[in-house]
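Report on the structure given below.
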2 protein chains.
Amino acid sequence: MDMAKVNSMDFGEFVDVFGNVIERCPLIAAAVWSQRPFSDLEELEKHFFAFIDALPQSGQEGILRCHPDLAGREQQQGTLTAESQREQSSAGLTSLGAEDRQRLAELNAQYRARFGFPFVLAARLSDRAAVLRELARRLRCPPAHELRTALGEVKKIGHLRLADLLLSDPARL
Amino acid sequence: MDMAKVNSMDFGEFVDVFGNVIERCPLIAAAVWSQRPFSDLEELEKHFFAFIDALPQSGQEGILRCHPDLAGREQQQGTLTAESQREQSSAGLTSLGAEDRQRLAELNAQYRARFGFPFVLAARLSDRAAVLRELARRLRCPPAHELRTALGEVKKIGHLRLADLLLSDPARL
């Protein structure tokens, strides 16, 4: 990790590197740049999460709606972001059998209809069996509770993406 | 305009159609979907603008930072959004002479260094001479005043993009 490098970035570089920490929401990275300098990963992450927490409910739902379905249309069309592709692949969601794919598509549709946003889960911390189980379970949760759960998953995903950028692959900085 | 069609869209369709009303900020369209149904263009637009106005200053700066420079790197690399490409072209910014291009690059760099966001202007309402003049003028404005001016330009751009989608080209809906 080289926070001096992060802190020296102009906003264009910063958004290029951190723009997808929150899936398809470069606006959030672009806003976080206003809070530089950052002392460490933890502080940088804190600003991403504080921005999410301060949004009105519609904005928090908006963040969720920028996420793709797991094993959904975008995966089949090859239009996932690089990060999502890697995460869904690591959970085995890019190589589902026809039956699992169909079951997931049905549950995803029920979930979207019930909550008005897609089912979001940190796929790298899961696998195909757990994804189906968790989706079936969360489908039955009260909407206000489920919004909090889903935003928690957004933060887990963001934490892993930030850690990738800052810890595992310093060459990318 | 067919607001019945707009109001019948699921959030995926809505973000596909309106996701770039605010440049590279699909989060905002995704949030606005929470406010449906909409009675007309004016009401739909009101929700986009209210979302912008309710953001903290860092978020408003973040919106500006998602915009490309006029006649800048993204235009030269061909990575502008379709909407930006069209707008910059209509102002003659895609066919600048070497001298104008150089002058604009210098002023853009000064502007970014002074304000921490790129120079944003509704290019369709302007032309190459006016862009250079306005950039030189706005470079001298106080930062708080300039933030308000720039967000006003974001709204002009958004208004024109919404009008395109809802009025001129109903086939796209």
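Just so you know, all these numbers are worked out from the coordinates, no wet-lab data involved. Since the structure is predicted, the reported quantities are computational estimates derived from the model, not experimental observations. Cβ atoms come from the backbone with ideal geometry, glycine included; neighbour counts cover every protein chain shown.
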Some residue of segment A:154-167 being of a type in the set (Val, Ile, Thr) and within 14 Å of chain B (Cβ to nearest Cβ): yes
Of residues in segment B:15-33 being closer than 17 Å to A:Glu23 by Cβ and of a type in the set (A, V, I, L, M, F, W, C), the one farthest from the chain's Cα centre (by Cα): B:Trp33
Condition met for B:Pro118 (closer than 30 Å to B:Met9 by Cα, part of a loop (DSSP other than H, G, I, E, B) and touching a helix residue (DSSP H, G or I) at 6+ places or on another chain (Cβ under 7 Å)): no
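Just to check your reading of the model, which residue among A:Arg133, A:Arg161, A:Arg137 is of a type in the set (Lys, Arg) and surrounded by 14 or more Cβ atoms within 10 Å (Cβ to Cβ)?
A:Arg161
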Single residue of segment B:81-110 satisfying the filter (within 14 Å of chain A (Cβ to nearest Cβ) and not hydroxyl-bearing (Ser, Thr, Tyr)) that is farthest from A:Leu55 (Cα to Cα): B:Ala105
Exclusive hit being within 21 Å of A:Asn108 (Cβ to Cβ) and surrounded by fewer than 16 Cβ atoms within 10 Å (Cβ to Cβ), set B:Ser34, B:Ser8: B:Ser8
Qualifying positions in segment B:99-145 - over 15 Å from B:Gly72 (Cβ atoms) and among the aliphatic types (A, V, I, L, M): B:Ala122, B:Leu125, B:Ala129, B:Ala130, B:Ala136, B:Leu139, B:Ala144
Residue selected from segment A:55-73 under the condition out of contact with any helix residue (DSSP H, G or I) (no Cβ under 7 Å at 6 or more places or on another chain) and farther than 14 Å from B:Leu55 by Cα, by the criterion surrounded by the fewest Cβ atoms within 10 Å (Cβ to Cβ): A:Arg73
Neighbours by Cβ (under 8 Å, 6+ apart or cross-chain): first from segment B:36-59, more than 10 Å from chain A (Cβ to nearest Cβ); second surrounded by fewer than 12 Cβ atoms within 10 Å (Cβ to Cβ) and not basic (Lys, Arg): B:Leu41/B:Leu167
